[in-house]
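Colleague: Input: one structure, supplied below.
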Amino acid sequence: MFQIKISLFAQTKALENKIDMFHDKIIDVAMTFKKAIAVFLREQRSLEYKKLCKQIKNIEHDADNLRRDIENQLYSQNLIPDLRADVLELVENLDSIINRFDEVAYKFYIERPEFPEEYHSRMKELCEQVSDCAENMAIASRAFFRDFSTVRDYSQKVYFIESESDLTSGKMKEAIFDSEMPLANKLQLSGIISEVADIADIAEDCVDELLIFTVKRDI
Amino acid sequence: MDLSYFIFLSSGLFLGWSLGANDAANVFGTAVGTKMLRFKTAATIASICIILGAVFGGSGTSRTLVELGSVNELAGAFMVALSAALAVYWMVNNGTPVSTTQAIVGSIVGWNFYSNHHTDTTILAKIVSTWIICPVLSGIIAICIYLIIKQYIKHSQMHIIHQDLYTRLGLIAACAFGAYALGANNIANVMGVFVDAAPFHEVTIGYMKLSGTQILFFIGGLAISSGVFTYSQKIIKTIGNDVMSMSPIIAWIVVVAQSLVLFLFASESIKNFLEGYNIPSLPLVPVSSSQAVIGAVIGIGIAKGGRGIRWSLLSKVSLGWITTPIVSALICFIFLFVLENVFNLIVYH
């Protein structure tokens, strides 16, 4: 009996660690993305950028493995039956944020967009905002698992930063289409900016769902 | 040993079976319904604990039922138990949550009327008062536990997965305790009327001595367990989420509140302890686990601000509480007449 209890607690602790590590991956990918775009703006498709892209890909790969492990364990051990569907959806949503960071970083690598010098600071600002958005989403999600009374605080931050990122991307697109660069370049940069800004939108959608899950989690 | 005793006892066993099917679902129905425990696990734990509760804690409540109406002929006892079982079966088939306690009390009063035996109104009032005290007390206990647990979860920052594990272990413990309390409290409903005529002698197994009554209660416990395994799963599907949707933690609170109430109404040691210090104690009366569950669920609903309670269903449940003893008394009265005049059996002396 004692052994069964120890084993149950060990399994529980292992799953808790996996969930924590999964959240760490979101923060890792957001920080790495921010750094990668700064390198890209400075050096274009340099070796350093390739290395950072590879790092993002690895994080995405690790996150996928963790997601699968978490989902399998939740189902196979029949854990949290009342909230399992919500937790699985939350994990999927978080994974989609990580995937989007990877896709956008790769898009920069493939398309090699040429941002004129005057847009660099705004682009860095936008990347900063989407990264902050994803990080706060991860913190809110982590709070859902441990201290759900604080989920609302972090969610509010996500909403605020997302609207800031909308403003930043809007202003950038406006400035680009007001400039003299060829239309093809304008469309390419506008597309890339939209893709980056979309990360914050996805985080916002996740938070919307998370707040509903939090209401259900309250006993 | 007289074989006719076992033939007459069959109605008690039938009542035991229906109690197992109906009331045991109250003990672990919420745990199985919320998918926190597998039916087989819960049913096995419950069956063992029901038998233990019946054998080692069931004497107090039986005495109260005997005081209400000392059914002094075996054929009469047979009909009292059968009427209660038929009333329970009929009400369950109508989809009304039903109390075995109310059914047996109704039957005994029906026997008293038929046999012109005086019904002790003080005892009857004591029993009927518990039909109100039981759900109210269960509700109050549930509110207290709910508020404590809510605060604990808020401040402990326990991980959701860890919380799930504790809830699961808590549910297993609560189910065991609830089943023990159910066995101790409700065995009187099933076997109480057969105690006087029990032909069993004291048996010694190792260091343990079992009296004739305890052997009778053991048989009753087996009948309840058979009800748990054969029919309670169907009832579990409707318990809990009918009145209010439940999370596993709420399910745990409901089981604990209900078990405590059943235990308080069955425990002679607690009664003696309280009386030793001149503190008013609860009477040792078989109470309804259905009423205790509903009281706990309403209590939590009130603690949550009254949202989510289906009051319309509760009025149906309350109606069942009034009709059960009346229906049971009527069935008993009519069938005692049939037994005496058609089968020429002595149903009282």
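Coordinate-derived values only; no laboratory data. Computed from a prediction, not measured in an experiment: that's the story for all the values here. In this analysis, Cβ positions are derived from the backbone assuming ideal geometry, glycine residues included, and neighbour counts consider all displayed protein chains.
Colleague: Take the cross-link list A:Lys18/A:Lys51; A:Lys216/B:Lys304; A:Lys34/A:Lys186; A:Lys18/B:Lys35 and give me the ones stretching past 20 Å between alpha-carbons. Walk me through the numbers on the way to the answer.
Modeller: On the way: A:Lys18/A:Lys51 26 Å; A:Lys216/B:Lys304 13 Å; A:Lys34/A:Lys186 22 Å; A:Lys18/B:Lys35 24 Å.
Checking Cα-Cα distances, A:Lys18/A:Lys51; A:Lys34/A:Lys186; A:Lys18/B:Lys35 exceed 20 Å.
Colleague: Give the calculated FRET efficiency between B:Ile346 and B:His155 to the nearest 0.05, with a Förster radius of 56 Å applied to their Cβ-Cβ distance. Present the calculation step by step, with values, prior to reporting the outcome.
Modeller: Details: r = 66 Å, r/R0 = 1.18.
After rounding to 0.05, the efficiency reads 0.25.
Colleague: Can you tell me the alpha carbon radius of gyration of region B:12-341 divided by the globular rule-of-thumb value 2.2 N^0.38 Å?
Modeller: Numbers: Rg = 19.2 Å, N = 330, 2.2 N^0.38 = 19.9 Å.
Ratio of Cα Rg to 2.2 N^0.38 Å: 0.96.
Colleague: Still on this structure, please answer the following. Of the peptides B:318-325, B:220-227, B:335-342, B:167-174, how do they stack up when ordered by the mean number of other Cβ atoms within 10 Å, highest first?
Modeller: On the way: B:318-325: 18.2, B:220-227: 25.0, B:335-342: 16.0, B:167-174: 20.1.
Ranking, from highest mean packing down: B:220-227, B:167-174, B:318-325, B:335-342.
Colleague: Can you give the FRET efficiency to the nearest 0.05 for B:Arg63 and B:Ser269, using r as the Cβ-Cβ distance and R₀ = 22 Å? Each step should come with its number before you reach the end.
Modeller: On the way: r = 15 Å, r/R0 = 0.68.
Computed FRET efficiency for B:Arg63 and B:Ser269: 0.90.
Colleague: Let me ask another. As a test of understanding, state the convex hull volume per residue of region B:1-144 from its alpha carbons, in Å³. Kindly include the intermediate steps, with their values, before the conclusion.
Modeller: Values: hull volume 21.4 nm³, N = 144.
Taking only Cα atoms, region B:1-144 has a hull volume of 148 Å³ per residue.
Colleague: Okay, moving on. Send over the Kirkwood Rh of the protein assembly as shown, from the inverse of the averaged 1/r over different Cα pairs, rounded to one decimal Å. Let's see the in-between values first.
Modeller: Values: mean 1/r = 0.0365 Å⁻¹.
By the Kirkwood definition, the hydrodynamic radius is 27.4 Å.
Colleague: Plugging the Kirkwood radius over Cα pairs into Stokes-Einstein for chain A, at a temperature of 25 °C and a viscosity of 0.890 mPa s, what D comes out in µm²/s? Walk me through the numbers before you get to the answer.
Modeller: Values: Rh = 18.4 Å.
D, rounded to a whole number, is 133 µm²/s.
Colleague: Putting +1 on Lys and Arg Cβ atoms and -1 on Asp and Glu Cβ atoms, find which of A:Leu47, B:Ala54, B:Cys134 reaches farthest to the positive end of the dipole of the protein assembly as shown.
Modeller: B:Ala54
Colleague: What is the sum of charges around A:Glu43, taking Lys and Arg as +1, Asp and Glu as -1, for the other residues whose C-beta is under 13 Å from the C-beta of A:Glu43?
Modeller: On the way: positive: A:Lys35, A:Arg42, A:Arg45, A:Lys50, A:Lys51, A:Arg112; negative: A:Glu48, A:Glu114.
Residues close to A:Glu43 contribute a combined charge of +4.
Colleague: What residues of region B:142-182 lie in the reach of a label at B:Ile302, counting those whose backbone N is under 14 Å from a point 7 Å from the Cα along Cα→Cβ?
Modeller: Residues B:142-147 qualify, since their backbone N sits under 14 Å from the label point.
Colleague: Considering only the other residues whose Cβ falls under 11 Å of the Cβ of B:Ser70, what net charge follows from Lys and Arg at +1 and Asp and Glu at -1? Spell out each step's value before the answer.
Modeller: Details: positive: B:Arg63; negative: B:Glu67, B:Glu73, B:Asp120, B:Asp196.
It works out to a net charge of -3.
Colleague: Counting Lys +1, Arg +1, Asp -1, Glu -1, what net charge surrounds B:Ile108 among other residues with beta carbon under 12 Å of its beta carbon? If you can, show how the numbers build up before the last one.
Modeller: Details: positive: none; negative: B:Glu67, B:Asp120.
Residues close to B:Ile108 contribute a combined charge of -2.
Colleague: Next question. Provide a whole-number value for the mean count of partner chain Cβ atoms within 10 Å of the Cβ atoms in peptide A:79-90. Please report the intermediate quantities before stating the final value.
Modeller: Values: counts 6, 10, 7, 12, 5, 2, 0, 0, 2, 0, 0, 0.
For this peptide, the per-residue mean of nearby foreign Cβ atoms is 4.
Colleague: So if I place +1 on the C-beta of Lys and Arg and -1 on the C-beta of Asp and Glu, and nothing else carries charge, what would the dipole magnitude of chain B be about its Cα centre? I want it in debye, nearest 20. Don't skip to the answer; put the middle values down first.
Modeller: Working: 16 positive and 12 negative charges, 307 e Å.
Magnitude of the dipole: close to 1480 debye.
Colleague: Rounding to the nearest 10 and keeping the result within 0 to 90°, find how far the Cα-based axis of helix B:59-68 lies from the longest principal axis of chain B.
Modeller: 50
Colleague: Could you tell me the center-to-center distance, by alpha carbons, between region B:59-129 and region A:136-182 in angstrom?
Modeller: 68
Colleague: Angle, helix A:84-111 long axis vs. longest principal axis of chain A, Cα atoms, 0 to 90°, nearest 10?
Modeller: Taking Cα atoms only, the helix is inclined about 30 degrees.
Colleague: I'd like the Karplus ³J(HN,Hα) series for region A:18-25: coefficients 6.51, -1.76, 1.60, θ = phi - 60°, whole numbers in Hz, and an x wherever there's a Gly or Pro.
Modeller: Result, rounded to whole Hz: 4, 5, 5, 5, 4, 5, 4, 5.
Colleague: Which one, A:Leu189, A:Leu79, A:Leu41, has the greatest fluctuation when you compute a Gaussian network model over chain A with C-alpha springs under 10 angstrom?
Modeller: A:Leu79
Colleague: Report the residue, chosen from A:Ala143, A:Ala85, A:Ala184, that carries the largest GNM mean-square fluctuation when chain A is represented by alpha-carbon nodes joined by springs under 10 Å.
Modeller: Checking each option, the largest mean-square fluctuation is seen for A:Ala184.
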